[in-house]
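None of the figures in this text is laboratory data; all of them are computed from the coordinates on show. From a predicted model like this one, the values you see are computed outputs, not experimental measurements. Don't worry about glycine lacking a Cβ; one is built from the backbone with ideal geometry, like all the others, and counts go over all protein chains shown.
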């Protein structure tokens with residue numbers, strides 16, 4: 001296994017995964033994007049093992065770009081990505097853009113058509129939202145996103161439109177895949193807050209970077225499913241990740 005930086009790894013994995021955002025133009029631009037984007041990355045000894053991002057949207061947070069390296073699947077890393085993201089969202093006003101002393105746990109939502117990810121979300125306390133007819137859609141068609149507040153719906157529509165246009169120029173197969181399966185994506189929502197207790201506490205020491213918890217997972221930790229236990233990342237205050245916004 002060759003060493004691989006975060007930007008290089010994201011470039012490669014984002015090209016392979018059809019249900020996530022398109023990769024940036026270069027590994028360097030990926031790393032610059034992460035400087036201003038709240039995220040959690042789990043590392044192995046030679047390259048990242050898992051990654052997810054928290055994107056502001058209409059006063060809420062969208063949990064997105066949840067990816068696990070193909071060689072590290074099936075050992076619970078998606079559960080840890082979600083747990084760490086919710087932990088930071090419930091504690092850190094920097095992530096939500098709120099003022100110090102006025103932090104309120106935000107709504108966190110995610111769209112997915114992955115059964116494995118849906119299982120992780122359910123275990124973390126997310127609830128699936130059924131498609132409904134709402135006044136915001138003139139009651140003409142059912143939509144899961146109609147359950148979200150209007151402000152979030154508008155922000156989500158703008159982001160998805162921008163992403164689709166980008167993909168049409170950079171990656172048409174990915175755009176076709178996502179548009180063709182738009183009805184297969186399910187909406188899960190949760191208010192960030194206390195998390196379910198872990199039956200088996202994590203053990204690997206954590207580090208803090210880029211305004212979010214980033215946990216280092218060693219190859220020893222990944223040898224078998226029973227030995228994968230990652231310690232709670234530290235909750236010390238971190239610098240703002242969105243200074244460029």
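With a Förster radius of 45 Å, plug the Cβ-Cβ distance of residue 135 and residue 31 into 1/(1 + (r/R0)^6) and report the FRET value to the nearest 0.05. Mind dumping the intermediate values first?
Details: r = 43 Å, r/R0 = 0.96.
That pair, residue 135 with residue 31, gives E of 0.55.
Could you sort the peptides 139-148, 37-46 by per-residue average Cβ neighbour count (10 Å cutoff), highest mean leading?
Working: 139-148: 15.7, 37-46: 21.4.
For the peptides 139-148, 37-46, the packing ranking is 37-46, 139-148.
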